[in-house]
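Accompanying notes for the structure given below.
Taken together, the values in this text are just the output of simple stated rules run on the coordinates, not laboratory data. Keep in mind that what you see is a predicted model, and the values were worked out from it rather than measured. For neighbour counting, all protein chains shown are included, and Cβ atoms are generated from backbone atoms with ideal geometry for every residue, glycine included.
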Amino acid sequence: MILSRFLVGAALLMPLGAQAHEVYVSNERDNTVSVIDSATWEVTRTFPVGRRPRGLTFSRDGKRLFVCASDSDAVQVIDPDTGKPLHDLPSGEDPEQFALAPDGRTLFIANENNATTTVVDADTRKVLAQIDVGIEPEGMAVSPDGQLAVTTSETTNMVHWIDTKSLQATDATPVGQRPRHAEFTRDGQRLWVSSEIGGTVAVIDVASRQVVETIGFEIKGISGDRIQPVGIALSEDGRNAFVALGPSDRVAVVDTESFKVKAYILVGRRVWHVAALPGGERLVTTNGVSGDVTVIDAGAMKALRSIKVGRYPWGAAVRPAAGEAKGKDGRSAGAAE
């Protein structure tokens, strides 16, 4: 009877015809990564990594996991099947987030402590450039066509635009206070940037580098200083943006045409980031203070369950489970694609 109830619950959580995937979660205080099977929504294993892991993402073939070990001043390359480290990449000081370019080998890394973006060839393990940006760089994204990279600087309150051919910073766009995460739309025409202390999300026109909309949030019974946007995930159909709102313990669902908030979804405590599973029917959030991951039904805009992981989960990345066909990339949170 207990087994049958479990199977029914798993079936409700797994969309009809959906492929099983693995969700990798960085546990900032435990110096570990937990792996969750989306078929059962259970943690299947946990393995050690460097100190204070934050951003993480996969190689395009899913055979390498990249982890920002911030306090180890390294980007670790790990075999995701075994959890064993393969080697470290030179990363600059305090790597926070990174973005893998569409070429599958050029890694752009935000270095919080020395106000630079480090560019590394992940195949040759060589530093291609260190680019001066604003103070306390955090967010990192690369455009879908691979021609632009952006870094957000938390203290300078700017988005810095980088030409990926010349590897030079070419422009900057002011945004709200303490920008954390950046996410390009799939057509590359707009960039969404969260400002944690400003409590807003800026939508930027990529061609003009100008902010076209600033989105604010109001939650009944929650003070404004607890609404702190960080992670952003854009739906595959481009209609919705899911924004993690920090200590408000909510994820906002925003209509990407009207920029109006459709819903607020209650998740775990201190939600950092949001990651979408391929197909877009399920999302997961990393909830730092409650030490868990919440599964969201994207269509119904509601939380389905929470899964306990390690202490202070921060980033998440998704890949097909072992034996399943690999997607073209590993979509992630805490690291742009």
Next on the checklist: If I stretch the segment between Phe259 and Arg186 completely, what's the gain in nm (0.36 nm per residue apart, minus their alpha carbon distance), one decimal?
Outcome noted: 24.6 nm
Next on the checklist: Filter Lys165/Lys260; Lys84/Lys126; Lys84/Lys302; Lys165/Lys262; Lys63/Lys126; Lys260/Lys302 down to the pairs with a C-alpha to C-alpha distance above 28 Å, please.
Outcome noted: Lys165/Lys260; Lys84/Lys302; Lys165/Lys262
Checklist outcome for this item: Here FRET efficiency (C-beta to C-beta, Val127 to Lys220, R₀ 51 Å, nearest 0.05) is 0.55
Checklist entry - How much length is gained on full extension from Asn114 to Arg311, taking 0.36 nm per residue of separation minus their Cα-Cα distance? => result 68.2 nm
Checklist outcome for this item: With R₀ set to 30 angstrom, the calculated FRET efficiency between the beta-carbons of Lys302 and Asp88, to the nearest 0.05, is 0.15
Checklist entry - Gln210 versus Asp237, label points 7 Å from Cα toward the beta carbon: distance in nm? => result 3.1
Checklist entry - Say we join alpha carbon atoms closer than 10 Å with springs in a Gaussian network model of the chain; which of Gly231, Gly83, Gly139 then has the biggest fluctuation? => result Gly83
Item to check | Nitroxide proxy distance, nm - points 7 Å out along Cα→Cβ at Gln147 and Asp171 | outcome: 1.1
Next on the checklist: Between Thr170, Thr200, Thr152, where does the largest GNM mean-square fluctuation fall for the chain, given springs only between Cα atoms within less than 10 Å?
Outcome noted: Thr170
Next on the checklist: Starting from the 7 Å offset along Cα-to-Cβ, what nm value, one decimal, do you get for the label separation of Val289 and Thr44?
Outcome noted: 3.3
Checklist outcome for this item: Candidates for Rg and Dmax of the Cα atoms in Å are [x] 18.3, 63; [y] 18.6, 56; [z] 24.3, 78, and the calculated one carries label [x]
Checklist outcome for this item: quick shape note, segment 6-162: Cα extents on principal axes in Å, largest first -> 53, 31, 31
Checklist entry - Once amide H atoms are placed 1.01 Å from N in the peptide plane, what residues at a sequence separation of 5 or more from Val267, or on another chain, have their amide H within under 5 Å of its amide H? => result Arg250, Val251
Next on the checklist: Mean-square fluctuation check for the chain, GNM, Cα pairs under 10 Å: which of Phe98, Phe47, Phe108 is largest?
Outcome noted: Phe47
Next on the checklist: Please list 3J(HN,Hα) in residue order for segment 296-309, calculated via the Karplus relation 6.51 cos²θ - 1.76 cosθ + 1.60 where θ = phi - 60°; whole Hz, with x for glycine and proline.
Outcome noted: 10, 7, 5, x, 7, 6, 8, 7, 9, 6, 10, 10, 6, 10
